[in-house]
Amino acid sequence: MLPDCVTDGMAFVTLCPTRASRSLCKTRLPSTVTRHSRLGRWRRPRHPRPLRCTASASSAPQSQRTASLDALIYDTTLRDGTQGEGVSLSCQDKLSIARELDQRLGVAYIECGWPGSNPKDAEFFMRARAELTPHLRHAQLVAFGATRYKNTTCAADKQVQALLEAHTPVVTIVGKASEFHVTQILGTTLDENLAMIRETVAFLRAAGRQVMLDAEHFFDGYFQNAEYALECLGVAADAGASAVVLCDTNGGSVPWDVQRITERVRQFLEERYASTLSLPTPRIGIHCHNDMEMAVANTLAAVRGGAIIVQGCINGYGERTGNASLTSVIPALQLRLGRTVLPPPTTERLAQLTGVSRFVDELANRPHVPWRPFVGECAFAHKGGLHVAAFLKHPVSYQFVDPAAVGNRPRVLVSELSGRGNILTKVRQMDVGFDENDPVWRKRLAQVLERVKALENKGFTFEAADASLEMLVWRASPSYVPPFELVDFSVFIGNKRVLFVNHEGCFVTEDGASATGSDILAHMSASSSAPAMQRGNGTNAWSSLSGGPLFVSPANLADAAAQSARDLTADPAVAVFRNETHTQAVIKMVVGSARPIMEVAEGNGPVDAVNRALRKALAPHFLALDAVTLDDYKVRILDAESATAAITRVLVSFRDSRSSRVFTTVSSDANIIVASVNALVDGLEYAVLRATDAGTRHRQHEVET
Ligand SMILES: CC(=O)SCCNC(=O)CCNC(=O)[C@H](O)C(C)(C)COP(=O)(O)OP(=O)(O)OC[C@H]1O[C@@H](n2cnc3c(N)ncnc32)[C@H](O)[C@@H]1OP(=O)(O)O
Ligand SMILES: CC(C)C(=O)C(=O)O
């Protein structure tokens, strides 16, 4: 097989394996598709043109909408996606995601769930009729289910009936295509399985639905008994299925097999229908799982082999390791294989991909996966100094597609692996009065780079702490005058025991405050300094120790709660204590040219106490800090083997409610409190500089000197 359709990418060779697809190599390219060439120019790709989606089995309005597409995107996020661990969508979430898929991406099919499975899916289809279907611009909704149960009829099968009651134009049924699964899992004969497929397709067709067969375990079944696997597709097609979808259910297939077998299926269907005028050849679909991390590759291979319906999930959700990720499949087909899979305006739709990916993660309450190709935060993040230097000359040097094409953006990271280019890019983005032609500035940047490398060696990390990086740049200027300086701080931590004794059915503290037994229990349950309760030798009765009062202390709280508060208050021999920790911070600080000031504050812990003291000292001088709150506080031990003497890295994120900006600072020290206070001070200083009034003063000062 000769690579007669070599692309212009350095590492990517497109093979045109069949006579049919070779002839397609010469056809016109979609005007919407651009990508990089080896020489860094943007140009349209040379790729084989696939078969266009004909109107064969689809309804007229949809066929008009999809006629210009090379393949049809079939999203199963709401069905197979929810089979992924940790993914649970409400009915409302499902409706919202379906709207996004239709309106922003313009996918052709949205598989919404299994109506016979659960009340939520049944409710979805009921609500979809009124709330979704009338507003759909591109997609057709699909109800998913299975073939009829063995040895029954479709009319008697509730699950099949539920598919009709979903009132969707399209119904997809899963049918077994593997001899092993038919005999060992369904526990029936090969003939009965063929009848289950045939009759269910015919039944649903007779009710006016467009029907697709998901041929479960197709590739595994093909290796076991190819003739039978193909026959499963054949009977579905004979009964009027508009598409037969080849499923790599266990995700163990490899692309070269998938492409070859898909080509074989195409040949099989073409031969079967060559002499039949009454039945159109059904489309071939592909559904791949990611167990070998091959789902995307297998999907692309199937498309090259002739598949036209492309199933997958946004962000690769799905059973076990997930399905082919549509957030990779769509751009790969569009930008790499030159297949148009989204309706016009295709370029604008493709640019929605990152937004849709984040939207779905958000609704599914799943953390964003930063290294997800195309749509992840790191997909176009450049860190290595050599990469950034080249990227600054030509973005194409380290990006195979333009991030904007999928709605993403390039990022440059600063770290110990940086070169001049990294710092340069960052400083260009900062509002620090940077002058590229000024040799003083260039020297200053070199110093900052050196300092970054030295600090990272001590445990800092600047990648995620832009505010600390900016503070390094400010402080590298000999003329920089900090708006304030923390001269000194001390923290005191104390622990006192508060004792409650029973006094005439009421607990009182030593200083006379009183509380009921239930007050004390409630307090103890809420208290983080979990009290322990002492109970008499293995009995259920509360008994006093050595004849004195029984001390109810916080560790056996569940027992205490089980004992009614009334019993406690009624027992004159019971006393309760709890431990109270108190923390105080004292800081000494200089603001501007004024005399040093001292402030004291209490807090929930040492860092909180210092933060409060800092705020007290700074509030009268910098109103801007009123809008700045702590957003996140992350601590990481860097050398755990040093145990309590380990180096600690602290990242503090702040939110400025006026600008809605979140900014992060970093510090590292063997003392966790010192690291935290340094990161806090960096953040407050940054916030003051960034505030319009104080910031302007400093920036003017910088220019003047
Ligand atoms: C490959 C896939 O991802 S297919 C989609 C899988 N998704 C799901 O399973 C999610 C939704 N599923 C459900 O809610 C439930 O499993 C239901 C409602 C569909 C069925 O529930 P139950 O009636 O309790 O059956 P159960 O879940 O145990 O399924 C096993 C039965 O289905 C039968 N079955 C399995 N596949 C098929 C099929 N393609 N066609 C017909 N019957 C099938 C099995 O033979 C078995 O019946 P048996 O024990 O009598 O042999
Ligand atoms: C039902 C089909 C599409 C499926 O989920 C699978 O085979 O993995």
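The values are calculated or read from the model by the stated rules, or taken from the named source; none is laboratory data. Because the structure is predicted, anything quoted here is derived from the model rather than measured. Please note: Cβ atoms are built from the backbone with ideal geometry, for glycine as well, and neighbour counts cover all protein chains shown. Surface areas here come from the heavy atoms of the whole protein model, side chains and all, with no ligands, DNA or RNA. Shrake-Rupley method; radii C 1.70, N 1.55, O 1.52, S 1.80 Å.
Values computed for the structure shown
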item	result
Per residue, in Å², the accessible surface of the stretch 286-362 once ligands and nucleic acids are set aside, probe 1.4 Å	24
Convex hull (Cα only) mean projected area of the stretch 169-279, reported in nm² to one decimal	6.9
Label-point gap, in nm, between L386 and A155 - each point 7 angstrom along Cα→Cβ	7.4
Approximate spin-label separation Y398-V369, in nm, with each point projected 7 Å along Cα-to-Cβ	2.4
Length added when fully stretched, K588-A646, from 0.36 nm per residue minus Cα-Cα	18.1 nm
Pairs beyond 32 Å (Cα-Cα), from K458/K588; K496/K634; K120/K634; K120/K150; K383/K634	K120/K634
Surface accessible to a 1.4 Å probe, T82 within the full protein complex, Å²	40
Calculated FRET value between D257 and S490, using beta carbons and R₀ = 56 Å, to 0.05	0.20
Value of Rg to Rh for the stretch 211-275 (Rh from inverse mean 1/r over Cα pairs, i.e. Kirkwood)	0.95
Nearest-10 value in Å² for the accessible area of Y633, using the 1.4 Å probe	90
Carbon/sulfur fraction of accessible area - the stretch 103-228, other protein chains in place, 1.4 Å, %	53
Over the stretch 626-673, volume per residue of the alpha carbon convex hull, in Å³	60
In Å, descending, principal axis extents of the Cα set of the stretch 140-196	33, 22, 15
Accessible surface, the stretch 64-219, averaged per residue in Å² (probe 1.4 Å)	37
Cβ charges +1 (Lys, Arg) and -1 (Asp, Glu), total dipole of the stretch 103-252, debye	660
Apportionment of accessible area to carbon and sulfur, the stretch 378-447, percent (1.4 Å)	54
Ranked order, V650, V296 - accessible area, probe 1.4 Å, largest first	V296, V650
